Each structure stands twice: as C-alpha cells, then as structure tokens.
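Working notes, structure below.
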Amino acid sequence: MSQPLTQQDFASLLSCLQNALNQNPEVQKQAEAYIQSLDSRAGFSSALAEIVGNREADHSARYLASVHLKNSIHRNWKKRVGTSTGISPEEKAHLRSRLSGLIPQDDNQIAVQVALVYAKVARFDYPADWPGLFADLLANVNGGSALTVRRVYLILHHVLKELSSKRLVADQAHFAQVTELLFGHVWGCWCADTQALLAGLPAGLEAGPAAGSAQAQALLQSCERWMLLLKILRRLILHGFPSDAKSLSPVPAVHSCCPHMVSALQGLLGVRPRGKPLPRSHLQAMLERAILKLLKTLCQVLEAHPWSFHGAGVLLPSMELCANQLVEAAAAAAPPEQPGQQAAAGAGSAAASAAAAASTERRLTACCGLLIGVMGSKSYKGQAGGSLEPGSGQPRDTTRYKAMAAEVRAALETFWAAPSTAAVAAAGGPAAAVAAGAAAAGGGGSSNSRLIALAGALVSRHMVLSRADLEQWRDEPEEFAHTHGSGSWQDSLALAAEQLYLVLLQAYREVLGPAVASLLPVVAAGAPAGVPADSLPGERVAGVPLALLYKDAVYAALAAGAYELHDYLDFRAWLTGSLMQELSDAGAANRPLRRRIGLVVAANVDRVKEDDPIRPSLYGSMLQLLSEPDPAVCLSGLGALTALLGDFNFLEEPFAPLLPACLQLLLQVMGGSAELDTQKQAFGLLNLVIERCGEALRPHVGALAGALPALWEAAAGQSLLRIQILEAVQRLLNLSGPASPQLLPGLVLPLLSYSLDLRQPETSEGLLEDGLALWLVALRNAPTCCEQDMAAAAAAAGQGADGGANGGIAPLEGQPPPLVLRLLPGPGPAQVLEALLSPFPALAAIAESSTEQLPVVMSILTSAALLAGPALWAAAGGHVINVFMAVVGHVSERGMLLVFPVLEHMLQAAPQAAAAALQPVLLRLLGLLFGGKESGLVVANALPVLGRLLLAAPQQLVALCGAAAADPVVAAALAARGREGVPAELAPAEVVLWRLLELWAEAFDGLGQAGARRLCGLALCRGLALPSRGVLGLLDVLLPPITAVWFETEGGGGEDGGGVWRGEALPPSYDYFSAGMRGGGDEGLDEVVGPALDSEEAEGETARRALLRDADPAAAVTVSAALRSGLCAAAALHGEATLNAALNALDPTLAAAVQKATAAAAAAPGAGAGAGAAGAGGGQDSM
C-alpha cells in the first residue's frame, strides 16, 4: 500500500507544479512524471487543495494544482473495480470541509476549476455523504462578499449541471428536492438583479468604454451574477419538473418565471435607443450575451414544457417579439455590401463593426430558433404524448391532448394572419420590392399579414449572401460550400432563416406557396436571364450585382421548398426558359447564380421525366458546373449529378455518351482536393455512376482501376475515403464478373493486404468490414476454376457400390456419383485460386479478435469452398480450421446458426477432403451437443451438418465417433449422462454413436425447414447401414422420424399431396442467402449489405451453386428407397432374422408405416436392382 504524503512531499509538489510550466521540455517531463507518481498516494488531493488555497503561491502553479485536483477527484473519488487506488473516507470528509475555503477566488480560471471540483464531488456524494451541500453554499451567500456570492452561484451552476445529467429515477427525485430548496432564493435574486440592470444599463451604455467608474464595474458584476442566476434558473426549470409534453400537468415555475423573462427580454432589447449608434464596450457585449441567453432559455423551456409555456401566456408574445426582430432587422439593415454600417458609423472601427454584425446575427439566429421550435413542436402538432399512459401502460385518453393541440394551432393561425407591426416596405430599395412582391400574392391571406411579412423578410434579406459570405467564398470556397450546403442551422443566420422559411411553408403552404412562387418574375425583372451578370446595373457586393444576390436568395427559397411548391411552380418551363440560359453565363459575377442553379436542379430532379429530351442537355450543363475551377460551383454540379443519377427515373442510355467526361472530371476532383467532405461527395458520385451505368461503364473499368491505387495512397489516414474506395472496387468487380481476375494483381490484392491487417490503425476504423466485403465480392465474381472429374466420380461410385470407398458402408439406392472437382487445365485457374486464397492467414486472427464480422467471414468461407473445392484444403486448410475453432463454442446462438450452413457447403463441395479436415471442428461440435448447454435450436440445426457428413463420407462419421470416445470433453459429457439404456457390450465408439443417434431422434422435431428434415431423414436411413451392433437397438427411435419425413414428402402428407422431392435450394436444409442468415439484429453481428449483397447473383457464384445443387445426393434419392436400402444393408450386416426380430418388436403403427414406405420403394421402377445393390454390402466389420 502506498505511503501518505509527508510535509516534504508538499514542498516538492509545489516545486514540481512550477517546473511543469517550465519552457525546458526535459524539466517539464520530469515534473509531470513526479506529479503522476503521487496521484495514487494518500493525501495527494488534500495537498493540491492546500496549494490552491494558498494565495501567496505562484498563480500559475495554483491554477495547475486546481486542474490536477479536478482530475484526481474524477479518477480516484470513487474506487473502481480492480484498482487499489482511491481516496479514503477520512480524506474525502476533509476535502468536503476544505472546499468551502476555496470559494472566494479572485482568478476566474481557478474559480471555474474549483466549481468543477465541487460538481465532481457532488455527483458522487450528494445526498448520501454530503446532505448539507446546498445549505452550506447558501450560507456563504448570506452575508458574503460580492465576489463570494458570484463564486457560489458559479459553483451552483456547475453542480446543478452535473446532477441534472444523472438519469436514474432516484437521482431525478433528488434533483426535484434540490429545485424545491433553491428555486425561491434563485428566483428572488434574479428578479432583483433584473430590475437593477434595467435601471442602470441605459446610463452605463451611454458612458461607453471610456467610463472606468465603479458604477460601470458594478454593472458588469451585476450582469455576470444575473447570467449565472439565469443559468441556474434554467437548469431548475428544465430538470426539476417532469416534462408536461406527456403529463399535460402545468409546471408552476414556468407560469411564474416565463412572463417575467419575456418582459426582461423586451426591456433589455429596448435599453439602447433606436437609430443611435453606441460605442462598443464590455457592458454592451455583456448586454448582447444576456439577450442571447434569455432567448435560448425561452427556447429550451418551450421544448421541455410546451403546454405550460402556452398556458403561461408567453407563447404568442415571445413569437411576436422574435418575428418583429427579424422583420425590423430586414427593414433597417444596411445593404449587404455595408454590414453594420449604421451601428459602427460613429466608431469607425472595422473590428467593432464586425463584432456588432456577429452579435446581431447570433441574436437573429436565436429568434429563428424559437420560431422553429414553436412551428416544429410535436406537442402543438398533436403528434407527441404517446398512446399509452406512462405508468400503467393503459391506453391514453387523447381527447384533452387533441383539444389542447387544436387550441394552440388556432392561436397560431390567428397570430400569423394578424397584421404585421413592422413594415418591410419602410426600408425601401430592392429588399422592399421583393417583400412587396411576396405580399402581392398572399394566396388568400392578408397582404400585410405577419406571415407574409416574415416570409418576405427571410427571403429578401436574411437568406441573401452577405459580403462576409462572399469574402469567405473567395478565400475558402470549399469551406463556404460545405458550411452553406450541409452546416447546422443553429450556427448560421442564413441557414436558420432558410429552416424557418421551410417550416412556415410546410405549415401554411396554401398561403405562402403562391406568394413565394410570385417572387420569381419579380427578381427576373431585376436581373433578366439574357443579360450578362457582369453588365447588370446597380449596386454591387464584392463585385456581384445586388439584384443577382436577391435572385440567388429567391432561387434558394424555391429550392428549399421544392416539394411544397410543386403545384405552384412549373419547373420544366422555368428550367427551359431561364435556368439553362443563366447557366451559359460563365462570368465571374454570375458564379453565385450558377452555383444556386445546381442546387435547384438537385432539389427538383423528380420533375424531369426519364424520357424528357432536356435530360441530356441537363447532364451536360451539370458536367460544366463540375468542370468549374471554383470549388463551390463544382460542388454544386457534383450534388446535382448525384441527385440526377440517384433519381428513380434515371436511364443509362442518355447519359452514356457523357460517361467518359464525367469519370475524368470526377478523378480530377478527387485528385485535386484535400477537403475530406469534397472527396467523400466525389467518391459517392463515383460509386453511384458505377452502380447506375452498368454495361456502359464496362469499357472504362481498366482506366478507373488504374487511377484508384494513387487515390488510395493519397487518402492515407482518412479511413472514410478509403472505405469509399473499397466500395468502388467492389462495384467494379461486380461489373467485371468473370473478367474480374484482371483487377486482382494491381488493385484488389494490395487493398486486401492492407485492409485485413489488424496491425494497421485504420483497420479498426471501418476498413476491416469493407476489406472483408471486397474479398467476398472477388471470390463470388471469380470465374469457375474447377470442373467435375467424371472419371474419378465414376470410379468412386464403383467403389462405393461395393462399400470400398466408404469403409464398407453401402450407398443408398439411387444415390448419384459423388462430386469430385479438379482444377481446370492451364495456369490461369491455379493463379486465380492462389491469389484469392492468399488472404486466408489473416482470417483466423480476424475471427479471434471479434465476432462482429462473423456473417461476412462465413460468407467468405462458403464462396471459397464453392470456388476451390478440394484445393481449399490443400492451400489453406489449416487457416480454415483455425477460423472455425475460434468461432464454434465461442459465439451466441445466432452465430452458431451462421456456422452450420458453411460446414454443409464444405462437405458438399469436397466430401472426402472436407470431412477429414473438419474432424477437430466436428469433434468440438459433438462436445457442445452432448454437453447439454446449447439451446434446442442450435442442437436441431447442427443435425444437418452431421447428416451431410453421414451421406457424403460415412466412414468419417465412424472415425469421428472413435475420436470422440477418446476426447476428454466428450467423454466427460457422456459420463454425466450415464449408460442407462445403452447395451453393455458396446465399445466406447459405439456408445458415442448410440448417444448421437439418440440425440438426433430427440431433436428431430426441432427442425423447421422441410429440406433439413428430409436431409436428416435420408442420413438416418444411411445410418441403418453403419457397422454397429447398437443400430438395431435404436430402430424404435430412428424409424419414426424417417417415416414422418417419408409421409411429408412422398406419402401424401405434404402440402402438394406428396411426390418425389426435387431439391431446389442450396443446400436443401438451409436458405443461407436469405436475409435472416446474413447477420444484423441485436446480436452485434454486422449485416452483409451493399455491393457484397449484390454479388450473391454473380455469374460465377450462381454457376457453382447450381453445380452443387445438381450433384446433391439429398436432392436425388427418395426417402422410401433410402429406407429400403438401409434396411437391406442392415439385414446383410446383422442377419435377416435379427433384423426381422427387431422390426417385429416395433409398435404396430410404426411397423405398418415402415412396411408402407418400403413397399412404395419396391413398387418403383428399378427397385430390384437397387435392392440387390443395397443387400450386397454384407459382411462388414463392427465398430
């Protein structure tokens, strides 16, 4: 156990804290190492607390000590399982009492760290070990200095933030108790500070930054305290009461606070006189922060307690305030080329002007956010609340809920239809003309309604590109395009205005639809389509005509509301009448409009039919945008082409002539941009081109394959791009089909070597999944490398007829020759197999590392077995066994169900080689089956694997039983079962076989698939011929499932009335390629999707599956014939009298069913020859 810190260690710690800030790296490292060594020692946190509280110590060392104290509390306060470190209860008590002395910190940074320490301790100890936390903090407020009071409120803010994040019911109940304790005090203090601020701010703002008086400083401190109280109040309201969205119960705190908050917001907004510029000052910046904080608080309360927000009477006033702010800002704002000119006219400072403009934008964005929250509220739409009561689960009575929602919707409609209190037309200029055009087509609503006025303000002003936007476009075009194309609306006024416009359009489509559509001719008159943008008259912003910017904003509105405006806008006429003409103007001033047209096309692709003659011209125009050197315009064309090719109406033929140019431009974009988002979009379009263009792309596969390695190298460290490349290569392999081996040496194999290497850091970031999918696609698309060796098959069939090939076990009557595959002549097939099997050494490590990729790993094993046949075991047999040994017995039930079909495929594709090689896997499987811990589903679905082994290589089943008898796991499992019912004369191997057949019969009814039942029935027929004395003793358990299957498939009990089975699946016991066997679900198994899923129907894979299906003995032999053959073989093996004695001992009903089935086989054509063959295998030796 580590020794506690001594007084000498205290001094050393302070010295090390100072050295940790030394500029010398060696001194810094030594000091940090020493501090880290003290972390686990008792008294370390207490020593740090003493240094923080020592006002005479070095300030930087004190701050570093406060950071280390916070981290030490976080790591060591609660002792973790498996660690010996932790702060003792005595030291915890000392620290809790010592923290109160650290509250009055002069330095803000140290004060924040102390508050975080309080929050960490409170999370662990309140209320059980620190019940007096809040009482002690409030005691410091009463009678404390102004600094102490501010620090206490800072601590309360962080403590409540930490406690509110705890989600257990008990923790939420404790937070409700804290709310009850603190709410009255906090609310009273906040109201008092609000009155003081509203009274003192006008004079303080007039004084400006030159006033360094105590009064200005007191106002700043009062504002800081006011905001801390507001944060605390917000936390208490949001988390101290259950949300009324479901309970519908009013929240008293909302009714008490929100009206005063709205009044305070109105007061703060009215503090500064309108039209009078004020110099920038700390107090003005604090005022703007306060306004923004109040707006955000109202938004959050609206989201948490929508019904109380409406019931408190603040919904409509807050909406009116925000709407007026937006409309008045649009009316009073300077033109976009002069941002903040009016606000900064007296200061003459560019920095002050930019700060004022940024502050105004944040405030207007928050106003948009509140209105978006109201219009998007599920409660107000009648969509929230659920259909069941939260506690009882009984159906909820929604009558009251629907009535409340209807009341709010009616109030909103009245609100938006009311006349606007701020006229856009008062501003004059182009913005007023656009707003007037919107009001002139009110669509049945009042021409001066608040809805029309706000929509006009949003479109004509707030969605217009500003000088700052155009300068960002000039300096960082790609960043501009991505920010304005896919950024969060909470971070941008333009995006927030567009989002608000869209929710208004969705809610009031009949009113706003005609109004917005009428803007098109208004802006077309200001910037006619046939006039080059460079020659347009009027004001300009960063070289762009102002009229063009308004046109761009209207186009943005039409694109954002494309779905809602479908009935009000003839896109086809717009496209052919002006858009195509405007695209031809390549002047610098027209770049914003050309970029916007690409976005308009992307939003309206469904309006251009597949056979529309304009489509080829449209493709060509978008390719022109893609070829632009300006990245923002280029990305617009990229998005439009992505939408056009992804459209359901896309046809390959019109686009085929443009395909080479498209591919060349895409490669240029991918190679010329270092921006991740740009490259992701370009690769997305490339994958879409490969997927949608199909045969037209086949001549270009070689060129693409030659370019991808360089792109792969350029994307080093960017796993998202490399995933896109791997997906593109998969699609190219699917497209190439049997010609895919030409892509292996220079492209596929290097990518596989990297993406399957677990030592590479990017492998764990997603490359592994796509690398495995690439390997699977390559295996499936490979041409056939093996052919059936008919001579060898005939020879094996001849040996099997006399029992020689199967250890003396006769085949079933009508059983076809076994499948024997050999490599096709020539070096090509061997080289393809060598290449495709080369990644196998990495597969075992992948299977051992995680079962997440199990579905695709099993698919790889299946496709490799189909492709290589016996060659798989010669080239990679050991690695295949390692994979199975890493999986079998170590995965869930669903994982085991994924393994069984693969084993079946392998036993079909190479019966003798696979049966011999898989013995360790099958031995482990027997141990699991006999162990009794596997589910009935696993046991039942393991039977077809053993059935396939018994049909294809019965001598290997005999050998497996012998090995199992010597295996300690199997022996222990069998010993636990005892020998009850097992004949005493049976050898150990025969005991294993007895128990296996017994288990087989017990689990037979658990087989749900008809193919699996039939396969196992045929295998049991083959099992009658096994050289064991115990088989006849099990006839009463083996024959019932056999006769049941015969009745289902041939005896008239099936859905089609019986008949001969015609196997149509591969294998008949599973449909492995169904969705249910590809992974997914909640088992942590990734589903096989994308190009890998498409490759299931690859030409080579389909042909190989058909070959196995045609050679499958389970699809050719009838159950009646198999039963007759098995009984004949048993008679030859054990003697006819012995067999008859066993049959006579059967239940009469079962005996009758056996007789009926064998009689049906005897009556079938060629039965005599079959019977003779079956009966000729006598004289076998016993196991």
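Looking at VAL902, VAL857, VAL887, VAL832, which is the one that is over 27 Å from the mean Cα position of the chain (by Cα), of a type in the set (Val, Ile, Thr) and open to solvent by less than 10 Å² (accessible area, probe 1.4 Å)? Break it down stepwise before answering.
Details: VAL857 fails: over 27 Å from the mean Cα position of the chain (by Cα); VAL887 fails: over 27 Å from the mean Cα position of the chain (by Cα); VAL832 fails: open to solvent by less than 10 Å² (accessible area, probe 1.4 Å).
After ruling out the rest, the residue left standing is VAL902.
Among the candidates PRO104, PRO127, the residue that is modelled with pLDDT under 95, under 42 Å from the mean Cα position of the chain (by Cα) and open to solvent by less than 60 Å² (accessible area, probe 1.4 Å) is uniquely PRO127.
The requirement of being hydrophobic (A, V, I, L, M, F, W, C) and outside any helix (DSSP H, G or I) is fulfilled nowhere in the range 154-166; no residue meets it.
Do we find that ALA586 is modelled with pLDDT under 95 and part of a helix (DSSP H, G or I) in this structure? Steps first, please.
Working: modelled with pLDDT under 95: yes; part of a helix (DSSP H, G or I): no.
No, not satisfied.
Can you go through GLY240, GLY144, GLY204 and tell me which one is open to solvent by 20 Å² or more (accessible area, probe 1.4 Å) and small (Gly, Ala, Ser)?
Exactly one of GLY240, GLY144, GLY204 is open to solvent by 20 Å² or more (accessible area, probe 1.4 Å) and small (Gly, Ala, Ser), namely GLY144.
In this structure, GLY1052 qualifies as open to solvent by 10 Å² or more (accessible area, probe 1.4 Å), more than 22 Å from LEU897 (Cα to Cα), at pLDDT 50 or above and not charged (D, E, K, R).
If you check ALA674, ALA710, ALA705, ALA696, which single one turns out to be free of Cβ contacts under 8 Å to residues at least 24 places away in the same chain and open to solvent by 10 Å² or more (accessible area, probe 1.4 Å)?
On the way: ALA710 fails: free of Cβ contacts under 8 Å to residues at least 24 places away in the same chain; ALA705 fails: free of Cβ contacts under 8 Å to residues at least 24 places away in the same chain; ALA696 fails: free of Cβ contacts under 8 Å to residues at least 24 places away in the same chain.
So the residue among ALA674, ALA710, ALA705, ALA696 that is free of Cβ contacts under 8 Å to residues at least 24 places away in the same chain and open to solvent by 10 Å² or more (accessible area, probe 1.4 Å) is ALA674.
Sub-8 Å Cβ pairs linking a first residue in the range 1132-1152 that is β-branched (Val, Ile, Thr) to a second residue that is assigned to a helix (DSSP H, G or I) and surrounded by 14 or more Cβ atoms within 10 Å (Cβ to Cβ), at least 6 apart or interchain, are THR1138/LEU1032, ordered by first then second residue. GLU990 meets all of the listed conditions (1) farther than 25 Å from LEU937 by Cα; (2) within 49 Å of the chain's Cα centre (by Cα); (3) buried (at least 21 other Cβ atoms within 10 Å of the Cβ) but one, namely (2). Filtering ALA347, ALA334 for residues that are aliphatic (A, V, I, L, M), modelled with pLDDT under 85 and open to solvent by 50 Å² or more (accessible area, probe 1.4 Å) leaves a single hit, ALA347. Report, by residue number, each residue of the range 563-612 that is more than 25 Å from PRO654 (Cα to Cα) and open to solvent by less than 10 Å² (accessible area, probe 1.4 Å). Scanning the range 563-612 gives LEU565, ALA589, ASN590, PRO592, LEU593.
For the range 350-362, filtered to residues that are polar (S, T, N, Q) and at pLDDT 80 or above, the residue that is surrounded by the fewest Cβ atoms within 10 Å (Cβ to Cβ) is THR360. Quick check, is LYS680 within 23 Å of VAL701 (Cβ to Cβ), at pLDDT below 95 and surrounded by fewer than 20 Cβ atoms within 10 Å (Cβ to Cβ)? Yes.
Being outside any helix (DSSP H, G or I) and either in contact with a strand residue (DSSP E or B) (Cβ under 8 Å, 6 or more places away or on another chain) or farther than 19 Å from LEU1038 by Cβ (or both) is the filter here; which residues of the range 986-1006 pass it? Spell out how you get there, then give the answer.
Taking the range 986-1006 first, the residues outside any helix (DSSP H, G or I) are 986-987.
The answer is ALA987, and nothing else.
So which residues in the range 480-497 are under 25 Å from the mean Cα position of the chain (by Cα) and among the polar types (S, T, N, Q), if there are any at all? Across the range 480-497, the qualifying residues are THR483, SER486, SER488, GLN490. Restricting the first member to the range 764-779 and to residues that are among the charged types (D, E, K, R), and the second to residues that are in a helix (DSSP H, G or I) and open to solvent by 10 Å² or more (accessible area, probe 1.4 Å), the beta-carbon pairs closer than 7 Å and six or more apart or on different chains are GLU765/SER719; ASP770/ILE723; ASP770/GLU727.
Take the conditions (1) touching a residue at least 12 places away in the same chain (Cβ under 8 Å); (2) more than 13 Å from ASP39 (Cα to Cα); ILE87 misses just one of them, which is (2). Listed by first and then second residue, the pairs with beta-carbon distance under 6 Å, at least 6 apart or on different chains, first residue in the range 902-921 and more than 12 Å from LEU960 (Cβ to Cβ), second open to solvent by 10 Å² or more (accessible area, probe 1.4 Å) and not in a helix (DSSP H, G or I), are ALA910/PRO870; PRO911/PRO818; ALA913/PRO870.
Filter the range 498-512 down to residues that are under 19 Å from LEU364 (Cα atoms) and open to solvent by 40 Å² or more (accessible area, probe 1.4 Å) and give me whichever is nearest to the chain's Cα centre (by Cα). Give the derivation first.
Taking the range 498-512 and keeping what is under 19 Å from LEU364 (Cα atoms), we get 498-504.
Still in the running and open to solvent by 40 Å² or more (accessible area, probe 1.4 Å): 498-499.
Details: GLU498: 27, GLN499: 24 Å.
Among those residues, the one meeting the criterion is GLN499.
If you filter the range 769-815 down to residues that are within 49 Å of the chain's Cα centre (by Cα) and more than 18 Å from SER1095 (Cβ to Cβ), you find that the one that is modelled with the lowest pLDDT is ASP789.
Filtered by the rule that a residue be within 20 Å of ALA329 (Cβ to Cβ), touching a residue at least 60 places away in the same chain (Cβ under 8 Å), part of a helix (DSSP H, G or I) and aliphatic (A, V, I, L, M), the range 229-275 gives a lone residue, LEU268.
Whenever a residue of the range 497-517 is acidic (Asp, Glu), its partners that are modelled with pLDDT under 90, lying with C-beta atoms within less than 6 angstrom and at least six residues away or across chains, give the pairs GLU510/GLY443. Within the range 134-155, residues that are within 17 Å of GLN113 (Cα to Cα) and touching a residue at least 60 places away in the same chain (Cβ under 8 Å) sit with their Cβ atoms under 6 Å from residues that are of a type outside the set (A, V, I, L, M, F, W, C) and open to solvent by 50 Å² or more (accessible area, probe 1.4 Å), at 6+ positions apart or across chains, in these pairs: ARG150/ARG225.
The values are calculated or read from the model by the stated rules, or taken from the named source; none is laboratory data. None of these values were measured; they are calculated from a predicted model. Reconstructed Cβ throughout: ideal geometry from the backbone, glycine too, with neighbour counts over all protein chains shown. Keep in mind that these areas ignore ligands, DNA and RNA; they rest on the heavy atoms of the full protein, side chains included. Shrake-Rupley method; radii C 1.70, N 1.55, O 1.52, S 1.80 Å.
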